[in-house]
Amino acid sequence: MAEVVAASLALRDAPNDSIIILEPCDGPRFPNGVVSNSQIALPLTARRWWDPNCPVCEFDQRNVNSFLNQSDLPTLPLSPEACVGWGPGLTPGGDDVVMGMLITFHALGMKNSALDLYEACDHRATTKYSFTLIHYAHKGQAARPVVRLIEALAGFGDLGTAIESLSNFGATSGLYLMEGVRLAINASNPRAD
């Protein structure tokens, strides 16, 4: 049986996007995550904070080319916004692709593209947990493995290490997130055939 990396907790009498993820000390640092002391007890006391914001940056073209040469990324049967809720798990593959695209659009300063994609997504088509993460991605916030990939694409950090780390993120989430990054990069730089 796989070890659980994070658990989610919905707060009563709180806004709809108030889902908190309890993480272990070495967890992936979700934008709405909390690292608690070794034993989980209510009320929670946060142990430390981190910045979940993805930087707005210019990508290094060599790193982008190397990343785009990844050939083992999954594809969606339809457009990303039509695939929200598609696939198994708490964060279905379609949702992960949308998150990857939103984070990449944010990083590249393409706010209108991010807003258009976010508004095209039907929050009723997926889990509340997953749409909360889509909401955070729309604001430019993601788990550390995703932010590390964006930083590596900008030339800050080792691209191979970032790809390997994200490849191992969740059962399928990392690969679908990277597919979203790839789709957003291609949308930002249309190439002539």
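Scanning the range 66-86 for residues that are crowded, with 20+ Cβ neighbours inside 10 Å and touching a Ser or Thr at 6+ places or on another chain (Cβ under 8 Å) returns a single hit, Val84.
Looking at Asp72, is it touching an Asp or Glu at 6+ places or on another chain (Cβ under 9 Å), acidic (Asp, Glu) and modelled with pLDDT of 80 or more? Here the answer is no, as Asp72 does not meet what is asked. Residue check: is Gly109 at pLDDT 70 or above, out of contact with any Leu (no Cβ under 8 Å at 6 or more places or on another chain), surrounded by 18 or more Cβ atoms within 10 Å (Cβ to Cβ) and in a loop (DSSP other than H, G, I, E, B)? No; evaluated as a whole, the condition is false for this residue. Residues being under 22 Å from Val64 (Cβ atoms), in a helix (DSSP H, G or I) and touching a residue at least 40 places away in the same chain (Cβ under 8 Å) are entirely absent from the range 119-128.
The residues on offer are Ile150, Ile163, Ile185, and the sole one that is closer than 15 Å to Val64 by Cα and touching a Cys at 6+ places or on another chain (Cβ under 6 Å) is Ile150. Taken over the range 144-178, the criterion of being touching a helix residue (DSSP H, G or I) at 6+ places or on another chain (Cβ under 9 Å), over 16 Å from Leu102 (Cα atoms), among the small types (Gly, Ala, Ser) and in contact (Cβ under 8 Å) with a residue 60 or more places away in the chain is satisfied by Ala152, Ala154, Gly155, Gly170. Within the range 138-152, the residues that satisfy the criterion of being in a helix (DSSP H, G or I) and over 14 Å from Gly174 (Cα atoms) are His138, Glu151, Ala152. May I ask you to verify whether Leu153 is crowded, with 21+ Cβ neighbours inside 10 Å, under 14 Å from Phe59 (Cα atoms) and over 10 Å from the mean Cα position of the chain (by Cα)? Taking the combined requirement at face value, the residue satisfies it.
Across the range 150-193, what is the number of residues that are among the charged types (D, E, K, R) and touching a Ser or Thr at 6+ places or on another chain (Cβ under 8 Å)?
Number of matching residues: 1.
Do the conditions hold for Glu81, that is, is it farther than 22 Å from Val64 by Cα, among the charged types (D, E, K, R) and modelled with pLDDT of 95 or more? Judged against the criteria, Glu81 is not a match.
Selection within the range 48-95: residues that are aromatic (Phe, Trp, Tyr) and part of a loop (DSSP other than H, G, I, E, B). The member of this set that is nearest to Ile163 (Cα to Cα) is Phe59.
The values are calculated or read from the model by the stated rules, or taken from the named source; none is laboratory data. What you see is a predicted model, and the numbers here were worked out from it, not measured in a lab. A quick note on method: Cβ atoms are made from the backbone with ideal geometry, for glycine too, and the neighbour counts reach across all protein chains shown.
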